[in-house]
């Protein structure tokens with residue numbers, strides 16, 4: 001919803017992740033790394049990223065600078081926009097460089 005604030009989006013996302021992944025979110029299927037999701041929203045910050053190139057998501061992601069009161073629409077996000085997220089410890093947020101670990105599905109040529 002374009003009128004949603006990033007604070008609302010983050011709250012909704014964290015609630016869904018807690019419900020679906022009570023033992024933690026598998027950050028990377030290849031390494032088996034698990035990210036736990038604290039029960040208290042104040043312990044974690046959700047950071048968002050946009051693709052460096054919307055035509056080629058393998059080129060990585062850049063941090064989307066947001067404030068809690070910014071709306072999705074004010075940042076130009078539309079339906080079906082590719083957006084990554086990272087969960088950062090609230091104590092480490094100042095000056096933290098966010099890395100978005102995004103695993104893209106592999107499409108084999110014979111599946112096209």
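A search for C-beta distances below 6 Å between a residue of segment 72-89 that is farther than 20 Å from residue 60 by Cα and any residue that is in a loop (DSSP other than H, G, I, E, B), counting only pairs 6+ apart in sequence or on different chains, returns 72/2; 72/4; 73/2.
State whether one or more residues within segment 98-110 are modelled with pLDDT of 90 or more and assigned to a loop (DSSP other than H, G, I, E, B). Steps first, please.
The first filter runs over segment 98-110 and keeps only residues modelled with pLDDT of 90 or more, leaving none.
Scanning segment 98-110, I find no residue that is modelled with pLDDT of 90 or more and assigned to a loop (DSSP other than H, G, I, E, B), so the answer is no.
For segment 63-102, a residue qualifies if it is over 22 Å from residue 36 (Cβ atoms) and surrounded by fewer than 14 Cβ atoms within 10 Å (Cβ to Cβ), and the qualifying residues are 65, 67, 68, 69, 73, 76, 78, 79, 80, 81, 82, 95.
Does any residue of segment 21-35 turn out to be surrounded by 11 or more Cβ atoms within 10 Å (Cβ to Cβ), closer than 16 Å to residue 7 by Cβ and within 16 Å of the chain's Cα centre (by Cα)?
Step one: filter segment 21-35 for residues surrounded by 11 or more Cβ atoms within 10 Å (Cβ to Cβ), giving 21, 24-28, 33-35.
Checking which are closer than 16 Å to residue 7 by Cβ leaves us with none.
No, segment 21-35 has no match at all.
Inside segment 46-62, can you point out the residues that are without any contact (Cβ under 8 Å) to a residue 40 or more places away in the chain and surrounded by fewer than 16 Cβ atoms within 10 Å (Cβ to Cβ)?
Looking only at segment 46-62, we keep the residues that are without any contact (Cβ under 8 Å) to a residue 40 or more places away in the chain, and these are 50-56, 59, 62.
Once the filter is applied, which keeps residues that are without any contact (Cβ under 8 Å) to a residue 40 or more places away in the chain and surrounded by fewer than 16 Cβ atoms within 10 Å (Cβ to Cβ), segment 46-62 yields 52, 53, 54, 55, 56, 59, 62.
Of the residues 50, 64, the single one that is at pLDDT 90 or above, within 19 Å of residue 7 (Cα to Cα) and in contact with a helix residue (DSSP H, G or I) (Cβ under 7 Å, 6 or more places away or on another chain) is 64. For segment 67-97, a residue qualifies if it is in a strand (DSSP E or B), in contact with a helix residue (DSSP H, G or I) (Cβ under 8 Å, 6 or more places away or on another chain) and modelled with pLDDT of 85 or more, and the qualifying residues are 71, 85.
The values are calculated or read from the model by the stated rules, or taken from the named source; none is laboratory data. What you see is a predicted model, and the numbers here were worked out from it, not measured in a lab. FYI the Cβ positions are ideal-geometry reconstructions off the backbone, even for glycines, and counts take in every protein chain you see.
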